[in-house]
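*Asks:* Provided herewith is a single structure, encoded as structure tokens, for subsequent inquiry.
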Amino acid sequence: MDYAGVDGRRADGTAGDEVVEPPASFSDRAVASDPELYEAFDDEGPSAWRRAADLLDWETEYDRVLDDDDPPFYEWFPDGRLNAAANCVDRHLDERRNQLAIRWFGKRGERRSYTYLDLHREVNALAAGLRELGVEEDDVVTLYLPMVPELPIAMLACARIGAPHNVVFAGLSAEALATRIDAADSEYLVTCDGYYRREDAFNQKSKADNARLRADADLSATVVVDRLGDALDVSLGTDEHAYEAIVEAHDGEAVDPVARDATDLLFVMYTSGTTGRPKGVEHATGGYLAHVAWTTRNVLDVRPDDTYWCAADIGWITGHSYGVYGPLSVGTTSVLYEGSPDYPDRERVWDLIERNAVSVFYTSPTAIRSFMKWGAEYPEAHDLSSIRLLGTVGESITPKAWRWYRDHVGGGEAPVVDTWWQTETGAISLATLPGVTPMKPGKVGPPLPGIDARVVDEDGEPVEPGEPGYLTIAAPWPGMLRGLREGDERYRREYWLEGDHGWRYRTGDGATVDEDGYVTILGRVDDVINVRTHRFNTAELESAIVGAEGVTEAAVVGDGDGRIVAYVTTRGDVDPDETLRGAIGERLARAVGDVARPDRVVFTPDLPKTRSGKIMRRLLEDIARGDEFGDVSALRNPEVVGEIESAVREE
Ligand code: ATP
Ligand code: MG
């Protein structure tokens, strides 16, 4: 199918009004099938969220739903007590002890499977071992592991004994790890010898050692998972312990799950750092788990008999909420994949979906853009008929990518839920309810029931439909962060506005809303470009550019002198030439207006991406301005920076 010319966005930056109804085959058996849900939440206020909390097992039933006496320090289910690991593991044992919880696929073709009973046994053993090493309730444990089963197991072992975890994405540097160990006041570390990066065994332990040297804190104990076996031998110091030995020594021991206050810290997680310094977000146990479980069921429609795959790395919030806590709390079977989607080849993702009969698949626009770049022949060579729902998160998805995803992965039928949320929101906040709400490709959808999201102007007044404004949330929600590692003052300043309207949470994203209440994310508020007295949002311009035949990705920035610079990547079989440059200008002129024609179109093999896969516009802007740019070590592909610079200069 040819997608050229069916971009769907209008000049006002909102997506076109194409409406895609949920297929009846899906709605008929969807978890959320009652359109009254929206009204019920409106009518009932915060207590409507009992629906979410009641999906969990509570050690002490909560009485109060929300304590909002001291805004913006809100407390959800404050007098309830529960344990997150018991909710993700123990309570499933009666009904499905022999059901698979995790099917793991390693980079070298290895496989391991864990039933809920297996998971229970290993989580208990590790919990007992961590205790013996001195970990007590409220001690923060840092986890620095790649996508191996030991990562979710360690998270659950921590949760079992009431020790908050602090997962640091395995690809981050020693310095980044050191900063996060210190900021979290963490004395314990779980890491591994190393892991495979493509063909090579990579030494993770030496990065962890480096971090220990740099960190101010002294670690009391380190646990080391043996991922590489004979491929890499690391020697362990006296305060370092082999994971396998711990689990073996404590095999069969039972550790009672520690009942935690709903408001107690479950984990610390740093944001991706797309816009600046990462922030240490703290999530509470009860509200977070309730919101995550509720959205896993009602938005991703996941049930115990599904095989579900969230492709995000557990080192980021999506992997926490929808790779670990969500699927395990609802008792489903998850795929956990260690590798990258094109290793050992571009069949990998589709092969995994086919061989596991994955029914619900959740990934990001950056991955979908790669799939498009590689071509539809790869998914088409596989039987993907098991898929019944697709999800996306992390960046705006263009109507073109949305349709490609649905047509080539979802068999042209599966609902695609575009889910908007943040590390700070903890769980999905804006999305369609797939069995109830029609979809509009390129628009996220309305706020979920119970999420009071509003697009407002500088004064906090709602903007007219189609007008750009700030995305804010006017009332607390259960998955919200309970605070920042950087302190209460920073938390208040970073996120909250107090005004005539009461307290409002500031997302930092710009958006429009249409007559039907569907929200379109326009990009970060800071990503607005001022050109010739017009204000453009990056997402709007970029969506128009990728509408041009052969274009796969685009990032648009201002050069500081009122000019628009567009960085563009193309499909492998397309020659980036003057004709394409002209076509891009035409598309922008048509979709947005003549003033939006870019002054420069720079073709580049790739765009700079953060470790979590987001385009880092901040850096592209520095290059366009000819400014010094700072540290690029946070990038996944720092090597492209040089190429982009020379492309800019040549041009
Ligand atoms: P930092 O806050 O450190 O700059 P970050 O905002 O990239 O990093 P995350 O919390 O991982 O860190 O990302 C949340 C952001 O991702 C949102 O604020 C939004 O800009 C973007 N985002 C997430 N989902 C969507 C979506 N469905 N559509 C558009 N944008 C999205
Ligand atoms: Mg952010």
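The values are calculated or read from the model by the stated rules, or taken from the named source; none is laboratory data. Note that the structure is a prediction, hence the values are computed from the model and not measured. Cβ coordinates were reconstructed from backbone atoms using ideal geometry, including for glycine residues, and neighbour counts include every protein chain displayed.
*Asks:* Need the failing condition index for Gly450 against (1) buried (at least 23 other Cβ atoms within 10 Å of the Cβ); (2) farther than 29 Å from Ala544 by Cβ; (3) within 16 Å of ligand 1 (Cβ to nearest atom); (4) more than 17 Å from the chain's Cα centre (by Cα), just the number.
*Replies:* (3)
*Asks:* Where residues in region 383-429 are in contact with a helix residue (DSSP H, G or I) (Cβ under 9 Å, 6 or more places away or on another chain) and of a type in the set (Asp, Glu), which of them is surrounded by the fewest Cβ atoms within 10 Å (Cβ to Cβ)?
*Replies:* Asp383
*Asks:* Sticking with this one: Those residues that are touching a residue at least 40 places away in the same chain (Cβ under 8 Å) and either surrounded by fewer than 16 Cβ atoms within 10 Å (Cβ to Cβ) or farther than 12 Å from Gly273 by Cβ (or both), I need them from region 610-625; list them, please.
*Replies:* Across region 610-625, the qualifying residues are Gly613, Ile615, Arg617, Leu620, Glu621, Ala624, Arg625.
*Asks:* Please specify each residue of region 236-269 satisfying the condition of being within 16 Å of ligand 1 (Cβ to nearest atom) and in contact with a Ser or Thr (Cβ under 8 Å, 6 or more places away or on another chain).
*Replies:* Result: Met269, single match.
*Asks:* While we're on this one: Would you mind stating whether Ala242 is touching a residue at least 24 places away in the same chain (Cβ under 8 Å), surrounded by fewer than 24 Cβ atoms within 10 Å (Cβ to Cβ), away from ligand 2 (no atom under 16 Å from the Cβ) and within 27 Å of Tyr195 (Cα to Cα)?
*Replies:* Taking the combined requirement at face value, the residue does not satisfy it.
*Asks:* Of all residues in region 145-163 being in contact with an Asp or Glu (Cβ under 9 Å, 6 or more places away or on another chain) and assigned to a loop (DSSP other than H, G, I, E, B), which is surrounded by the most Cβ atoms within 10 Å (Cβ to Cβ)?
*Replies:* Pro146
*Asks:* Go through region 489-510 and count every residue that is within 14 Å of ligand 2 (Cβ to nearest atom) and not charged (D, E, K, R).
*Replies:* 6
*Asks:* All but one of (1) surrounded by 21 or more Cβ atoms within 10 Å (Cβ to Cβ); (2) in contact (Cβ under 8 Å) with a residue 60 or more places away in the chain hold for Gly502; state the number of the condition that does not hold.
*Replies:* Evaluating Gly502 over (1) surrounded by 21 or more Cβ atoms within 10 Å (Cβ to Cβ); (2) in contact (Cβ under 8 Å) with a residue 60 or more places away in the chain leaves (1) as the failure.
*Asks:* Can I ask one more? When you scan region 511-542, how many residues do you find that are away from ligand 2 (no atom under 16 Å from the Cβ), part of a helix (DSSP H, G or I) and closer than 21 Å to Val455 by Cα?
*Replies:* So the count comes out to 2.
*Asks:* So if I check each of Ala262, Ala231, Ala208, which one is surrounded by fewer than 20 Cβ atoms within 10 Å (Cβ to Cβ) and small (Gly, Ala, Ser)?
*Replies:* Ala231
*Asks:* Identify, by number, the condition in (1) among the β-branched types (Val, Ile, Thr); (2) modelled with pLDDT under 95; (3) within 24 Å of the chain's Cα centre (by Cα) that Thr238 doesn't meet.
*Replies:* Going through the list (1) among the β-branched types (Val, Ile, Thr); (2) modelled with pLDDT under 95; (3) within 24 Å of the chain's Cα centre (by Cα), Thr238 breaks only (3).
*Asks:* Go through region 597-641 and give me each residue that's assigned to a loop (DSSP other than H, G, I, E, B), closer than 19 Å to Gly572 by Cα and hydrophobic (A, V, I, L, M, F, W, C).
*Replies:* Across region 597-641, the qualifying residue is only Leu607.
*Asks:* Another question, if that's okay. Scan region 558-609 for residues that are touching a residue at least 40 places away in the same chain (Cβ under 8 Å), of a type outside the set (D, E, K, R), over 21 Å from Glu643 (Cβ atoms) and out of contact with any Pro (no Cβ under 8 Å at 6 or more places or on another chain) and jot them down.
*Replies:* Gly558, Gly560, Ala591, Val592, Gly593, Val595, Ala596
*Asks:* Quick check on region 574-596: of everything there that is part of a loop (DSSP other than H, G, I, E, B) and among the charged types (D, E, K, R), which residue is nearest to Thr392 (Cα to Cα)?
*Replies:* Taking region 574-596 as the starting set, the residues that turn out to be part of a loop (DSSP other than H, G, I, E, B) are 574-577, 592-593.
Among the residues that remain, those that are also among the charged types (D, E, K, R) are: 575, 577.
Working: Asp575: 30, Asp577: 32 Å.
It comes out as Asp575.
*Asks:* When region 270-295 is examined, which residues are found to be within 6 Å of ligand 1 (Cβ to nearest atom) and at pLDDT 95 or above?
*Replies:* Within region 270-295, none qualify.
*Asks:* If you don't mind, there's one more thing I want to ask. Name the residues in region 624-643 that are at pLDDT 85 or above and touching a helix residue (DSSP H, G or I) at 6+ places or on another chain (Cβ under 6 Å), would you?
*Replies:* Of everything in region 624-643, nothing turns out to be at pLDDT 85 or above and touching a helix residue (DSSP H, G or I) at 6+ places or on another chain (Cβ under 6 Å).
*Asks:* Of Gly323, Gly319, Gly339, which residue is of a type outside the set (Phe, Trp, Tyr) and modelled with pLDDT under 95? Can you show your working first?
*Replies:* Details: Gly323 fails: modelled with pLDDT under 95; Gly319 fails: modelled with pLDDT under 95.
None of the other options fit; the residue is Gly339.
*Asks:* Next up: If you check every pair at least six apart or on different chains, which have Cβ atoms under 6 Å apart with a residue in region 258-281 that is over 30 Å from Leu619 (Cβ atoms) first and a residue that is within 16 Å of ligand 1 (Cβ to nearest atom) and hydroxyl-bearing (Ser, Thr, Tyr) second?
*Replies:* Filtered contacts from region 258-281: Leu266/Tyr288.
The rows are residues; the columns are (1) crowded, with 17+ Cβ neighbours inside 10 Å; (2) out of contact with any Asp or Glu (no Cβ under 7 Å at 6 or more places or on another chain); (3) at pLDDT 95 or above.
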residue	(1), (2), (3)
Asp42	no, yes, yes
Ala52	yes, yes, yes
Tyr62	yes, no, yes
Tyr74	yes, no, yes
Ala85	yes, yes, yes
Arg96	yes, yes, yes
Gly109	no, yes, no
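*Asks:* Which members of region 323-335 meet the condition of being out of contact with any Gly (no Cβ under 8 Å at 6 or more places or on another chain) and either surrounded by 24 or more Cβ atoms within 10 Å (Cβ to Cβ) or of a type in the set (Ser, Thr, Tyr) (or both)?
*Replies:* Gly323, Val324, Tyr325, Gly326, Pro327, Leu328, Ser329, Thr332, Thr333
*Asks:* Something else: Among all residue pairs at least 6 apart or on different chains, which show Cβ distances below 7 Å where the first residue, located in region 416-436, is closer than 14 Å to Trp294 by Cα and among the aliphatic types (A, V, I, L, M) and the second is away from ligand 2 (no atom under 15 Å from the Cβ) and part of a strand (DSSP E or B)?
*Replies:* Correct list of pairs: Leu430/Gly445; Leu430/Pro447; Leu430/Ala453; Leu430/Val519; Ala431/Val417; Ala431/Asp418; Ala431/Gly445.
*Asks:* Next question. Just to check your reading of the model, which residue among Val519, Val551 is within 16 Å of ligand 1 (Cβ to nearest atom) and either without any contact (Cβ under 8 Å) to a residue 60 or more places away in the chain or under 26 Å from Thr425 (Cβ atoms) (or both)?
*Replies:* Values: Val551 fails: within 16 Å of ligand 1 (Cβ to nearest atom).
Of Val519, Val551, the one residue that is within 16 Å of ligand 1 (Cβ to nearest atom) and either without any contact (Cβ under 8 Å) to a residue 60 or more places away in the chain or under 26 Å from Thr425 (Cβ atoms) (or both) is Val519.
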